[in-house]
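Single-structure report; data block below.
None of the figures in this text is laboratory data; all of them are computed from the coordinates on show. Not measured: the values here are computed from a predicted model. Using ideal geometry, Cβ is built from the backbone for each residue, glycine included, and neighbour counts are taken over all protein chains shown.
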């Protein structure tokens, strides 16, 4: 069951710092009697809604700080005609987004709406185009949008303010779906229209308990608005020991955005410091159960972090790809990290979503490569594995923000290379990178099983081989060399 339905003022009081909320003035404008359609009784309905809620419209817009970060907040009042959108709602939303861009502030919609206002007909529905335009302009301005889905979030409000945000959080048990409960098919599974189901389907990032909402919002705002903080400190903290460095190859890498600052520092190696003697040794080290995985690297690198989840196309791969933003040496860094398993199509699409968002916000990106390869089962093909990998290749290639890559384990073919930065890829001593796994290479060449180890040597997949070939820049040293 959802939390008790809070009013607009109650949710604002819960998430903002005390006494910081300043309501934006409502844009001037008058409606025709009973609205643009002369819908009989519409004025009376509005008057009753105003008396019941104390509000003159279905949204309350203003500025406030959330754990010290200033933002524009848009809180829906569901008690006012079901939080529906009409022309005057659109006026307020447009004014709020314009204020955000003028003052370089992030936007936080706290959504609770049943959709567009029927008493205003198509004029109400077209407000969604206004909202979409304002959201797009804000995105182009490099300002983040973090939505909170309350109960209920349906119709056009979900399809614009909610699903269109950069990060989408939801309250437990909230009804979330394009179709509201009164219009969906009678035999529809109600569990599909919940916050939890939308997270599972990759359409929202996380369910957040109400008592933790302010802290969670504050963390996200600090991270997404902190891309330029501590740049000098971040540059000085490039501390991992590097050996065998080779000159970087650019290979058409996009020019970094001027506002992005220097690349994210390369993490230090957490595993063995010994370089593999043979290609097969490199494979064995990378496949060892004792080798540190992505979670260990992320925990060592970031003081705190927040994860995004889902490809916004119906899928998640939280077991195979970890994506989000964190604080490293006082600076925000985005991360996309493979976990050692075969990466699913949703994982590639989520990583591409992460990189595009970081690029818009001028936040550097760290990627950790560790996969035997892309998932190649029939279901992966049905989920468009090839286009998903192509999307990630394109996102990395087009990024203006700098991308730093560390190979921490297996680098299996194109499924690994899609996450790697051209000209700024490094490797740990217990990793390898190969055009194909040695076993598969031997099979393709019709060699017997006892030739697999020799094939690994011929492929030249050791970290030191990759430096010599100019494929990577260098090999990072351990924490305690």
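DSSP assigns beta bridges within the stretch 231-476; of those with both partners inside it, close to 45 percent run antiparallel. Can you grab the distance from the C-alpha centre of the stretch 91-111 to the C-alpha centre of the stretch 425-481, Å, no decimals? The stretch 91-111 and the stretch 425-481 have Cα centres separated by 51 Å.
Along each principal axis, taking the top coordinate minus the bottom one, the Cα set of the stretch 49-164 gives 36, 27, 21 Å in descending order.
Among 425, 405, sorting on how many other beta-carbon atoms sit within 10 Å of each Cβ, with the fewest leading, yields 425, 405.
What percent does the relative contact order of the chain come to when contacts are Cα pairs within less than 8 Å and at least six residues apart? Spell out each step's value before the answer.
Details: 1132 pairs, mean separation 62.9, N = 481.
After rounding, I find 13 percent.
Rg and Dmax over the alpha-carbon atoms of the stretch 231-476 stand at 17.1, 54 Å. The angle separating the long axis of helix 213-224 from the principal Cα axis of greatest extent in the chain is about 60 degrees.
Averaging 1/r over every pair of different alpha carbons in the stretch 105-207 and inverting the result gives a Kirkwood radius of 13.9 Å. Taking semi-axes √(5λ) of the Cα gyration tensor in Å straight from the coordinates, which label in [x] 33, 27, 22; [y] 50, 26, 20; [z] 48, 23, 17 is the correct one? Given [x] 33, 27, 22; [y] 50, 26, 20; [z] 48, 23, 17, the structure-derived one carries the label [z].
Beta bridges assigned by DSSP with both partners in the stretch 8-224 are antiparallel in approximately 40 percent of cases. Taking Cα atoms only, the orientation of helix 87-102 departs from the longest principal axis of the chain by about 40 degrees. Taking Cα atoms only, the orientation of helix 42-53 departs from the longest principal axis of the chain by about 70 degrees. With q set to 0.13, 0.29 Å⁻¹, the log10 of I(q)/I(0) for the stretch 348-415, from the Debye formula over equal scatterers at the Cα positions, is -0.38, -1.29. Computed over Cα pairs, the Kirkwood radius of the stretch 8-224 leads via Stokes-Einstein (1.002 mPa s, 20 °C) to a diffusion coefficient of 124 µm² per second.
From most to least packed by mean Cβ count within 10 Å, the peptides 62-74, 174-186, 342-354 give 342-354, 62-74, 174-186. Taking other C-beta atoms within 10 angstrom as a stand-in for reagent exposure, 169, 445 fall in the order 445, 169, fewest first.
Looking only at the chain, where both bridge partners belong to it, what percent of the DSSP beta bridges are antiparallel (to the nearest 5)?
Values: 26 of 63 bridges.
Antiparallel: roughly 40 percent of the beta bridges in the chain.
Taking the number of Cβ atoms within 10 Å of each Cβ as an exposure proxy, the fewest-first ranking of 187, 450, 151, 205 is 187, 450, 151, 205. Helix content alone sets the calculated 222 nm mean residue ellipticity of the chain: runs of n ≥ 4 DSSP H residues at -39500 (n - 2.57) each, divided across all residues, give -9500 deg cm²/dmol.
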